[in-house]
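Report on one structure; see the data block that follows.
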Amino acid sequence: MIQRLVNLQRDPAMDDLYSWLDVVFAYAAGKPFVYCSRYHPSPRVFGLARTHGVQLVWSPLHEIPPALLERHGTWRLLWLSESQSECLAERLATAKTDRPAAVRSLTGPVTRIR
């Protein structure tokens, strides 16, 4: 699933919310999925979920308890295979947007565990 999400960025026509959700909903096929957002999901989002047999439940961001947001507000650890790590490093180094700098500021130094 991770590689499929990374590959979406290679095609600007596919690098959008709906393509991302299509991959995620395919992964979660037949299961419930909580969608947290500021705004109510569009009919298109609900349609994508139905396509994959996903029971979509919307949770407004302002209703998430502050303690839960604090506990899950940072990404602490990301386990990647060697090829996924190399792909991520290459894409961050060659990206043509300001997103890599933002990602680097969040991730800090990268430590490889072998």
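Quick note: the coordinates plus some simple rules give every number you see, no bench work behind them. Remember, predicted model here, so these are calculated numbers, not experimental data. FYI the Cβ positions are ideal-geometry reconstructions off the backbone, even for glycines, and counts take in every protein chain you see.
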Simple spin-label estimate for Ser42/Asp15, 7 Å along Cα→Cβ, in nm, reads 1.9
Globularity index of the stretch 1-73, i.e. its alpha-carbon radius of gyration over 2.2 N^0.38 Å: 1.20
Taking amide H positions as placed in the peptide plane 1.01 Å from N, state which residues far from Tyr35 in sequence (5 or more) or on other chains have amide H under 5 Å from it. Val57, Trp58, Ser59
